[in-house]
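**Q** Take a look at this one; I'll ask things after.
The values are calculated or read from the model by the stated rules, or taken from the named source; none is laboratory data. Note that this is a predicted model, so its numbers are computed, not measured. Positions of Cβ are backbone-derived with ideal geometry, glycine not excepted, and every protein chain shown enters the neighbour counts.
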Amino acid sequence: MMAVDPKTPLIAAVSQYDVDFVIPRVGLDVALGIDPFLLYKSRDPDYRKMHAHLVETFNLGIRAVRMNKLSEAKRILNFPEVSAIGMGYTRSGKRGSGVGTFLTGLIIDTIVGSPSLQERGIRHVEEMQLLSAGIGPDRVSDMTANVLKKFLLEYTQRQCVIWGIPLKAGVPIEHIFDEQSNEWKDSYEDLPVSPIDGSPILLVPRRIVRVLPWINYDDFYRTEFKAYLAAKKRSVRYSRPQSEPEETSKSADHAKPQVVTVTRHDIGLVERYVKSRERQAADARPSIDYFDADECKAAEELKAKLSSLPPGRDQAAEYQRLILEILNFLFNPELIDGKPEVRTVDGTERRDIIFTNDSDESFWDYVRGAHDGLLVMFETKNTNELRMDAINQTATYLGDRIGRLGVIATRSRPAEEIQRKIFSVWNDSAPNRKIILILDDVHFSEMLDLRCKGGSPTKWMQTHYRNFRTAVQ
Amino acid sequence: MSDGESAQEDAETKKAEAKRQKQELIQKRTKQLEDWQRAVVAVETEVRANKKRAASCRKLIDHATGLYEEVNKLVKKSALPATPLIRDSANDIISDAKSLVKAKVDVHLDRVKEFVPAGDEPSYPDVLVVLRSVIDSLKRHRSALSTEAEVLSEQTNMAGTMVAGLKYFLLDPAKTSEKETPSKESVRSYATVTLSDFCFTRYSDSTEKYFDFDGLDSMGVEEHLARVTDAEDSGDFEEDDDKGEEEDDEEDA
């Protein structure tokens, strides 16, 4: 029997570049974790709510400790490994180091040992890395995955529908947090399962994963803690408290037991560090360099699919899916959670894709501000002759709900009269101007080539946008 | 009828004809006077507009040059992108320049577009290059306005001279024969402008110049005025032998 490469994707039907989620592997965890900070800083209000829910759940446990309800605290702060997400930091295999009962006890001991933590609570679950020697990035990811399991379930089911990934009915899934009752419950859900061992698969959005959490112990040690030690040395010249580590003689890891002793007593250290990380939130970006596949090969495949797909109504659905793949390839994780929608207007189907603009890139950030573009609509028209009614319909949809920048993906450059109509949409919609950009096969090919060469499709879009704005002057 | 009666009848017919022709000529000259008086007003309006545009152009060149100099200093000191204030100032200058210089008149200015930051401000070198381009375009425009002013000045003189000649014909008590070929001196007495040489001609048997009614009758007002533009284009402006008063240059209309 041929050995399966452990790096083989668990879902073969789609390419990692073309989808919104991290594809787990057959025999090896992807060396990533869910970073709750990316939920915290997200422009998507649903993501921010999830972060608030995560923190509140943890603080429930802390409050239970403060009220000496230790069994309640143990119940709440119980975070077993979530192997279904296929992420972790083990060098081989997929069995990670889930928090489990032992480490639940460790968390409780940490809280018990830090009155200031009991008083303050936590603002980010990642702070536990700075307060407990046994908690690192993988535990943070597990804690998050446990509390957000309900979201991950719904997200997985939605993505499977979009990409035609088979769902198995009634898959047992344990330990889902119920917000109403504040209890962990088990359930049976429709989920994809591993072809290897039948275990459930939970998909995680690419937007919320990083190699290391933004708030992490190594960075804390290197920055805030070293500054603290330096200040201490200056003020206490001749004596050094026994419990404090020497500045340079130990590595960060070796010094951690002593570091957490300090932080448990001086929660202000943690507070200052967290605030400085929050100020630098714009630099907290999801990791993107874990892809195994060849980017140029993926780009060529997409180009080939596009050029071989004929225009016409019969291929409209296929064109919409291909555009979704291309847009994910080009813009994910700047534009995320692309959702295809189909509307019927006057008996004709209108196919569009709505993305959430969660980007820190300057252009998409500008779109969010200048055009209320938290959502960006891409309308797909599998035709060589874009008609006036397509422009009118798109203009009608743009507004407060969907934002004021929309894109029409079509097969070729529209006629002059259509261009003029697009200009008039801009001119006639002052002061809250609506802007419709056109992307045709040539444009997509250019961006795919650019991505292959390491260039930025977002910069390309910025230039495209500027060309429109100068043409309409 | 006797020969005497016939001759008398002929004489009376000729007299009546002469009277009729004189009346017709007076009516014709009266209409021409009205036309040329309207032309005077129209040209004066264009002169005022030209002066206004020239003043705006001068001010814009001055303002753009100032911004150029400041940005030039920043280019040498900083690799940072331009500030929104500088970008907006540059865009205002571009917009004002395009208002002054109409589309398709200057293809180089047509190619200049306002900066659209779209999340990233333009670099200082880019702002500098664009400002330079705009300033050069405005200088070309200033030169064109200056040429236009010269043409308008000559057209003013032409229109005023035509009015003067016609007024002399219609109002002066001089003999008819003198009125049909008025001298420059005669016309000057009715003129409020420098006499335009376009309105005078020289007969073969004289060195003097006389008001050219034949020329006046040969074409309409627009065609006469166009002769000035054509002469400017071919560099044929003649200096008037008799220089009248110079008009003061006004800074603003």
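**Q** Mind checking which residues of segment A:368-377 are closer than 18 Å to A:THR463 by Cα and touching a residue at least 40 places away in the same chain (Cβ under 8 Å)?
**A** Selection gives A:ARG368, A:HIS371, A:VAL376.
**Q** While we're here: Checking the structure you have, find out if any residue of segment B:102-109 is touching a helix residue (DSSP H, G or I) at 6+ places or on another chain (Cβ under 8 Å) and charged (D, E, K, R).
**A** yes
**Q** Same structure, new question: With the condition kept exactly as written, say whether any residue in segment A:291-313 is within 22 Å of A:GLN462 (Cβ to Cβ), away from chain B (no Cβ under 14 Å), part of a helix (DSSP H, G or I) and under 21 Å from the mean Cα position of the chain (by Cα).
**A** Within segment A:291-313, one or more residues are within 22 Å of A:GLN462 (Cβ to Cβ), away from chain B (no Cβ under 14 Å), part of a helix (DSSP H, G or I) and under 21 Å from the mean Cα position of the chain (by Cα).
**Q** Picking from A:PRO166, A:PRO172, which residue would you name as being assigned to a loop (DSSP other than H, G, I, E, B), farther than 18 Å from A:GLN16 by Cβ, free of Cβ contacts under 8 Å to residues at least 40 places away in the same chain and of a type outside the set (Phe, Trp, Tyr)?
**A** A:PRO166
**Q** Which residue out of A:ASP337, A:ASP292, A:ASP358 is loosely packed, with under 14 Cβ neighbours inside 10 Å and of a type outside the set (Lys, Arg)?
**A** When all the criteria are applied, what remains is A:ASP292.
**Q** For the structure I just gave you, tell me whether A:ILE165 is within 18 Å of A:VAL193 (Cβ to Cβ), in contact with an Asp or Glu (Cβ under 6 Å, 6 or more places away or on another chain) and at pLDDT below 95.
**A** no
**Q** Let me ask something else about it. Hey, can you tell me all the residues within segment A:249-283 that are closer than 16 Å to A:TYR217 by Cβ and assigned to a loop (DSSP other than H, G, I, E, B)?
**A** If the condition is that a residue be closer than 16 Å to A:TYR217 by Cβ and assigned to a loop (DSSP other than H, G, I, E, B), then A:LYS250, A:SER251, A:ASP266 are the ones that fit.
**Q** Out of all the residues in segment A:25-48, is one or more assigned to a helix (DSSP H, G or I), surrounded by fewer than 19 Cβ atoms within 10 Å (Cβ to Cβ) and modelled with pLDDT of 95 or more?
**A** Yes, the conditions are met somewhere in segment A:25-48.
**Q** Collect the residues in segment A:395-429 that are assigned to a strand (DSSP E or B) and at pLDDT 95 or above, keeping them in residue-number order.
**A** Those that are assigned to a strand (DSSP E or B) and at pLDDT 95 or above: A:LEU405, A:GLY406, A:VAL407, A:ILE408, A:ALA409, A:THR410.
**Q** How about segment A:305-334: which of its residues are of a type in the set (Ser, Thr, Tyr) and either buried (at least 20 other Cβ atoms within 10 Å of the Cβ) or without any contact (Cβ under 8 Å) to a residue 12 or more places away in the chain (or both)?
**A** Selection gives A:SER308, A:TYR319.
**Q** Also: I'd like to verify a number: residues in segment A:431-467 that are among the hydroxyl-bearing types (Ser, Thr, Tyr) and more than 23 Å from the chain's Cα centre (by Cα), how many?
**A** Here the count works out to 3.
**Q** Let me ask another. So which helices (runs of 4 or more DSSP H) stay within segment B:79-181 end to end and still have 3 or more residues that are more than 14 Å from chain A (Cβ to nearest Cβ), among the acidic types (Asp, Glu) and surrounded by 19 or more Cβ atoms within 10 Å (Cβ to Cβ)?
**A** Result: empty, no element qualifies.
**Q** Restricting to segment A:358-380, count the residues that are away from chain B (no Cβ under 11 Å) and either under 19 Å from the mean Cα position of the chain (by Cα) or not hydroxyl-bearing (Ser, Thr, Tyr) (or both).
**A** So the answer is 9.
**Q** Could you tell me whether any residue of segment A:345-352 is without any contact (Cβ under 8 Å) to a residue 24 or more places away in the chain, in a helix (DSSP H, G or I) and not aliphatic (A, V, I, L, M)?
**A** There is no residue in segment A:345-352 that is without any contact (Cβ under 8 Å) to a residue 24 or more places away in the chain, in a helix (DSSP H, G or I) and not aliphatic (A, V, I, L, M).
**Q** Just to be sure, is A:HIS124 free of Cβ contacts under 8 Å to residues at least 40 places away in the same chain, within 16 Å of A:VAL274 (Cβ to Cβ) and touching a Phe, Trp or Tyr at 6+ places or on another chain (Cβ under 8 Å)?
**A** no
**Q** For segment A:175-203, what are the residues that are in a loop (DSSP other than H, G, I, E, B) and farther than 18 Å from A:LYS7 by Cα?
**A** Within segment A:175-203, A:GLU179, A:GLN180, A:SER181, A:ASN182, A:PRO192 qualify.
**Q** All but one of (1) basic (Lys, Arg); (2) in a helix (DSSP H, G or I); (3) within 26 Å of the chain's Cα centre (by Cα) hold for B:LYS76; which doesn't?
**A** Here B:LYS76 meets the rest and fails (3).
**Q** How many of the residues in segment B:83-138 are of a type in the set (Gly, Ala, Ser) and over 36 Å from the mean Cα position of the chain (by Cα)?
**A** Adding up the residues that qualify gives 3.
**Q** Could I ask something else about it? Condition first: of a type outside the set (Ser, Thr, Tyr), in contact with a strand residue (DSSP E or B) (Cβ under 9 Å, 6 or more places away or on another chain) and modelled with pLDDT under 90. Now tell me which residues in segment B:183-213 satisfy that.
**A** Of everything in segment B:183-213, those that are of a type outside the set (Ser, Thr, Tyr), in contact with a strand residue (DSSP E or B) (Cβ under 9 Å, 6 or more places away or on another chain) and modelled with pLDDT under 90 turn out to be B:ARG202, B:GLU208, B:LYS209.
**Q** Right, another one. Could you pull out the residue among A:LEU437, A:LEU450 that is within 14 Å of chain B (Cβ to nearest Cβ) and either buried (at least 17 other Cβ atoms within 10 Å of the Cβ) or in a helix (DSSP H, G or I) (or both)?
**A** None of the others qualify; the one that does is A:LEU437.
**Q** Follow-up. Name the single residue that is farthest from B:ALA149 (Cα to Cα) among those in segment B:21-78 being of a type in the set (Gly, Ala, Ser) and surrounded by fewer than 16 Cβ atoms within 10 Å (Cβ to Cβ).
**A** Among them, the one singled out is B:SER78.
**Q** So, B:LYS59, is that one free of Cβ contacts under 8 Å to residues at least 12 places away in the same chain and in a helix (DSSP H, G or I) or not?
**A** It is true that B:LYS59 is free of Cβ contacts under 8 Å to residues at least 12 places away in the same chain and in a helix (DSSP H, G or I).
**Q** Consider A:TRP426 carefully, then state whether it is without any contact (Cβ under 8 Å) to a residue 24 or more places away in the chain, within 14 Å of another protein chain (Cβ to nearest Cβ) and of a type in the set (Phe, Trp, Tyr).
**A** When the stated conditions are applied, A:TRP426 does not pass them.
**Q** Still on this structure, I have one more. Please determine, by comparing only the residues of segment A:132-144 that are crowded, with 24+ Cβ neighbours inside 10 Å, touching a residue at least 40 places away in the same chain (Cβ under 8 Å) and of a type in the set (A, V, I, L, M, F, W, C), which one is farthest from A:THR263 (Cα to Cα).
**A** A:MET143
**Q** Picking from A:THR410, A:THR470, A:THR396, A:THR383, which residue would you name as being over 27 Å from the mean Cα position of the chain (by Cα), without any contact (Cβ under 8 Å) to a residue 12 or more places away in the chain and more than 14 Å from every other protein chain (Cβ to nearest Cβ)?
**A** Checking each option against the conditions leaves just A:THR396.
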